[in-house]
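Every number in this text was worked out from the coordinates using simple rules, so none of it is lab data. Just so you know, these numbers come straight off a predicted model, no measurement behind them. Methodologically, a virtual Cβ is constructed for each residue, glycine included, from the backbone with ideal geometry; neighbour enumeration extends over all protein chains shown.
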Amino acid sequence: MKNIILLASIFVFIGCSENPYKKEILGEWSVHSWVREIDMAKVKQKMDFVFTEDGRYQIDYGSEKEIGNFWFVNDDLITHEDGMTKKSVKVVLLRNDSLLMRMNRSGSIESVLLLKK
């Protein structure tokens with residue numbers, strides 16, 4: 001019985017603990033570099049992010065915008081655009097001024113370095 005209570009307590013603690021990335025990611029970000037890993041070709045496309053404390057995000061691609069909710073599952077940043085399906089990118093590094101992520105865009109693995117504005 002004590003083991004069940006201990007396990008339940010651990011699950012509650014883990015489930016309630018906030019991902020440390022959540023506070024670091026808040027704010028406005030812009031692309032510093034974006035490359036396709038297979039050939040190191042630069043991707044020249046605007047992709048500015050805004051992450052807010054209420055768990056919402058916005059991406060400005062220049063010609064269109066994406067708005068929705070975001071959260072983390074371990075090192076994965078999950079975005080769920082309003083009315084669309086969820087997407088996931090791997091957070092490689094997140095500091096107070098820089099965010100490096102890897103993503104699969106149409107079968108191409110790409111690395112994006114964002115800097116906080």
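Of 57, 83, 111, which is farthest towards the positive pole of the chain's charge dipole, taken about the Cα centre with +1 and -1 on the beta-carbons of Lys, Arg and Asp, Glu respectively? So the residue we want is 111.
For residue 86, a cut-off of 17 angstrom between C-alpha atoms picks up these lysines, skipping any fewer than 8 places away in its own chain: 65.
D by Stokes-Einstein for the chain, Kirkwood Rh over Cα pairs, 10 °C, 1.306 mPa s: 102 µm²/s. In order along region 21-36, phi translates into HN-Hα couplings of 5, 4, 6, 5, 7, 4, x, 9, 10, 9, 5, 9, 8, 8, 9, 7 Hz, rounded to whole numbers, per the Karplus curve 6.51 cos²θ - 1.76 cosθ + 1.60 with θ = phi - 60° and x for Gly and Pro. Once both axes come from the Cα atoms, what is the angle between helix 2-16 and the longest principal axis of the chain, in degrees from 0 to 90, rounded to 10? Computed tilt is about 30 degrees.
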